[in-house]
1. Where is the GNM fluctuation largest for the chain (alpha-carbon springs, 10 angstrom cutoff): ARG134, ARG307, ARG338?
2. Amide H neighbours of GLU407 under 5 Å, at least 5 residues apart or on other chains, H built in the peptide plane: list them.
3. If you place +1 on the Cβ of every Lys and Arg, -1 on the Cβ of every Asp and Glu, and leave all else neutral, what size is the dipole of the stretch 143-411 about its Cα centre, to the nearest 20 Debye?
4. What ranking do ILE261, ILE341 get, fewest neighbouring Cβ atoms within 10 angstrom at the top?
5. Mind running the shape call on the stretch 143-411? Use the C-alpha gyration tensor, a ≥ b ≥ c as the square roots of the eigenvalues: rounded below 1.5 for a/c, prolate if a/b tops b/c, oblate otherwise.
6. Of the residues GLY220, GLY149, GLY268, which exhibits the maximal mean-square fluctuation in a Gaussian network model of the chain defined by a 10 Å Cα contact cut-off?
7. Provide VAL76, VAL121, VAL39 in ascending order of the number of other Cβ atoms located within 10 Å of each residue's Cβ, fewest first.
8. When the distances between all Cα atoms of the stretch 36-134 are binned every 10 Å from zero, what whole-number percent does each bin get?
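Coordinate-derived values only; no laboratory data. Given the structure is predicted, the values throughout are model-derived calculations rather than measurements. In this analysis, Cβ positions are derived from the backbone assuming ideal geometry, glycine residues included, and neighbour counts consider all displayed protein chains.
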Amino acid sequence: MTLRSMLLLGALLFAAPLAAQEAPEPPLAQPTVAPERIVLNLAADPAHAMAVTWRSAAGLPGLVELAEAGDGPDFVETATRLPAQTDDATIAVRETPTLHAAYHSLTMTGLKPDTVYAYRVGDGTHWSEWLQFRTAAATARPFRFLYIGDMQNQILSEASRTLRMGLRMAGDAAFVVQGGDLINRHDSDAEWGEWFAAGGYAYGQTPQMPTPGNHEYGRGPVLNPQWQRQFTLPANGPAGLDRLRDTCWSTDYQGMRLISIDAPQLHGVPESRAAIVEWLEPLLAHNPNRWTVLVLHFPLFSLEPQRDNERVRDALKPLIDKYKVDLVLQGHDHGYGRGTIGPDGPGKPGKGATYVVAVAGPKMYDGGVRNWAEKSATNTQTFQVIDVSERELVYRAYTAAGRLFDETTLRK
Ligand SMILES: [Fe+2]
């Protein structure tokens, strides 16, 4: 081997890791007999119901065993076996070959408030471990929840630490709200696999309440085909529009009304926009809860002028002001901002909602003018811990490293 050919070989070897950045899609990991991607979602009445969803190899039935959790192992003797709904799905995904999976879901109803239940899922032969959750109290009572912005990129390798630090520091969170763009490519099953691996068993014990972002949509208003199959969110969105099922929902939790608004459709589909506004107004006008929190992906007030979402703001801001929404949780801008904005807009006096933009994953935008924000940051991954009680709502943002970064208290 000549010196020249040795140098050439060396150059090729060094070039190889760079070329790996354009790696082909990994082969699809088909589900097996073992239940996987187990996730809880709050029902519309979380004091008396809880939804669970998971998947397995195609062709298998879905069963749930449910019992009130006891201090010792005897609870398993009292478990009731319940059949789940099963959707044997064939889905064209980015990876090959085609995905074949049985998606199972069950809304467990008739539950007692403020009670710990144990459950497991399976096909009658192959079972998950027993997982536990607590139902909501039937009346207003202090609780905390987590808000997580876009996970989206390097979901398992780099976004997971934000979620996991949140679950570590607020392990007693009643649920987790996820603000959309959970994944980057709507047709990638591997990215959903990363999202489920990031939360792991926590998704089976702490309900996840996601709203969709633009990355959950393909071209046009076509939602990722897994979304409706892998989440069982409250089916109380705008009536008669199937495309908003499981993307617009609301639930009342211990004195707080939480509402998800499908921002991509609100922005891009006039028919959906009209339906969402018509659905939202009575939810805000006839709200027996002390607190109201909205979650949607596109921020009403952006971190960069060129990312303005005028249509979203025009549709929602008058309702937010009129009905005194307390907190608006948002994502999409890959930075951090938090500010209170009254009816006359940023910088003007007058009470208004508190608007938050946050990102959990590693993708960052530079940011620009953020004159509406009392606190803002670039290049900062955060999770938010929100403590709700009768008199006040305490909002805290922590960085992925666990540093308290921002704090505000809303009082009534
Ligand atoms: Fe986005």
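1. Sorting by GNM fluctuation, first place goes to ARG307.
2. Long-range HN contacts for GLU407: ALA397.
3. I would put it at about 500 debye.
4. Working: ILE261 28, ILE341 23.
Lowest to highest Cβ neighbour count: ILE341, ILE261.
5. rounded
6. GLY220
7. On the way: VAL76 12, VAL121 28, VAL39 23.
Neighbour counts put them in this order, fewest first: VAL76, VAL39, VAL121.
8. Histogramming the stretch 36-134 at 10 Å steps yields 16, 45, 28, 10, 2 percent.
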